1. Suppose we keep only residues that are among the polar types (S, T, N, Q) and within 17 Å of ARG312 (Cα to Cα) within region 244-268. Which one would you say is surrounded by the most Cβ atoms within 10 Å (Cβ to Cβ)?
2. Quick check: is even one residue across region 245-260 closer than 20 Å to ASN161 by Cβ, touching a helix residue (DSSP H, G or I) at 6+ places or on another chain (Cβ under 7 Å) and not in a helix (DSSP H, G or I)?
3. Output the qualifying pairs, or none if there are none: Cβ atoms under 9 angstrom, residues six or more apart or on different chains, first residue in region 27-41 and among the acidic types (Asp, Glu), second residue surrounded by 14 or more Cβ atoms within 10 Å (Cβ to Cβ).
4. When the residues of region 1-20 are filtered to those that are of a type in the set (A, V, I, L, M) and in a loop (DSSP other than H, G, I, E, B), which remaining residue is least open to solvent (accessible area, probe 1.4 Å)?
5. Within 30 Å of VAL196 (Cα to Cα), acidic (Asp, Glu), exposed (fewer than 13 other Cβ atoms within 10 Å of the Cβ) and touching a residue at least 12 places away in the same chain (Cβ under 8 Å) - does that describe any residue in region 86-109?
6. Filtering region 155-197 down to residues that are of a type in the set (Lys, Arg) and within 28 Å of ALA292 (Cα to Cα), which residue is farthest from the chain's Cα centre (by Cα)?
7. Whether any residue in region 116-133 is open to solvent by less than 60 Å² (accessible area, probe 1.4 Å), modelled with pLDDT of 95 or more, closer than 30 Å to GLN29 by Cα and part of a loop (DSSP other than H, G, I, E, B) is what I want to check.
8. What's the total number of residues in region 343-374 that are crowded, with 20+ Cβ neighbours inside 10 Å and among the hydroxyl-bearing types (Ser, Thr, Tyr)?
Amino acid sequence: MWVQDITSTLWQTPDFASQALSHQVQRQQQLVLRFSDYNREQQVQLTQFCHQLDGVVQASPAQLTVLLSQAAGRQMLKNWSLVFQHQAPVQIQLNQIMKQYDVYWQAGDHRFNLTEKPLIYGIMNITPDSFFDGGQYKTMDDVLNHVGDMLDAGADVIEVNGQTTRPGFTEVTSEVELERTLPYIKAIKKRFPQAVLAIDTYKYPVMQAVVKEGISIINDVNAFTDDPRKLKLMADSRVGLLTMHSSREEEYVDLTGSMKQFFEQNIADLTSAGIDIERIALDQGIGYSKVAHGEQDYVMMRNIDEFNYLQRPMMVAISRKGYLGLLLGLKKEDRLPMTLVTEAAMMLKGGRIIRVHDVAETQQMVTLLGRIENGYWVAR
C-alpha cells in the first residue's frame, strides 16, 4: 500500500469548486490523502477506517481519496498499526505527512509544539492602571505568590507587564517600565527557574535590557517594525516574537484582506532581517481597533481561521476585555464565563496561544476541548 498527501494539488485546479474547497481545507485545518496499491480486503478495511475518522471518502479498486481533519489524520497515524499490522511503510509515510502540519514556536531555549496542545499564557501585570488587575499585586510577595499559583494551575508562560496599552493608556518612560519589571523578572527566575518568561513591551531600551536578562518571549504591539534597531536585536537573539496587528490609526474597507496583507508583509520583514519563522507568533490585536471594543473586534474573533494558511500560532487575547461590558453589561470581575466562551470559539478555529488572567479555568477548557477534538472511535 502507498499513501500521498494531495492537499496542495487542490490549488492547481482553477475551477471555482476546487478553489473553494482548497480555501475551506486551509481554514478548517484539513488534509486530503490518496491511498493506492491495495487489495480488495484492504480497500474495505481502509474505507471503514476512514469512515470511523469521519472522513469524506471516494474509493475505487485502484485508489482511495479521503478528506480528513488534521486531528483525524493524527488519529489515523496513532491507530494505523492496530488496523493494518503489516503495513509499517505506510505508517512511516503518514508520520512524514503529518509532521508537515505541526506548528512549532521557538522561544529562547523552549520549543513548543502547538499542534499537540494550545499554550496557556498567564498575565502578570505589575502596573497600577491595567484594565483588569492594575494595582492588585503591589509587593514582591504578591507577585511571586501569584506567579506560583499560575504555574501550579498549568500556565506554560508567565508574561510580566510594566506598561499597559489599554485604550487611552498613558505612556511611561523606559526607565519606569524597567523599574517595574526587571526586579520581578530576576526574582521570578530565581524562585521558579523552569518558568518560561515573557514581557509585553514596545520600547527598544526595555527589549534590550530584558534580552540580556534572558527573557524567552517579547510581545510587541507595534510588530517590531517601528524601530529598525528592534529587528537587529531580535535577529541577534533567540527570543520568541509575538507580533501584533493594530488598527487604532485607521479604518479598513476589507478588514480580513488587509490583515492578511499585514501579516504576510510583517512575516516577510522579520524573516528578511534574519529571524527564523519558527520564532514568530501572531496576534490579531483584538481591542486595538480604531473604535475600541467595536465591530472590528467581533470580526477578528470570527475570522481567526482565515490565518491558518500562514502556519504560525495565533494568540487569543480577549481575557475579560471591555467588549463584554459594552455588549453584555458585565463588570470586569464577572466576565470569566463569557471570556471562556469566546476563547473556546477562537481555539476551535485555530487559536493556539491563550493569553489569560484565569489560568486554572483556562486549563480546564483546553483539556476538555482537546479531548473532544480528538474524540474518534476506532473499533478494533
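1. The qualifying residue surrounded by the most Cβ atoms within 10 Å (Cβ to Cβ) is ASN266.
2. Yes, region 245-260 has at least one match.
3. Cβ pairs passing all conditions: ASP37/MET1; ASP37/GLN63.
4. ILE6
5. Within region 86-109 (the criterion being within 30 Å of VAL196 (Cα to Cα), acidic (Asp, Glu), exposed (fewer than 13 other Cβ atoms within 10 Å of the Cβ) and touching a residue at least 12 places away in the same chain (Cβ under 8 Å)), the answer is yes, since at least one residue qualifies.
6. Ranking the candidates gives ARG180 first.
7. yes
8. Final tally of qualifying residues: 1.
The values are calculated or read from the model by the stated rules, or taken from the named source; none is laboratory data. Because the structure is predicted, anything quoted here is derived from the model rather than measured. Here the Cβ is made from the backbone with ideal geometry for all residues, glycine too, and neighbour counts use every protein chain on show. These accessible areas exclude ligands, DNA and RNA; they are computed on the full protein's heavy atoms, side chains included. Shrake-Rupley method; radii C 1.70, N 1.55, O 1.52, S 1.80 Å.
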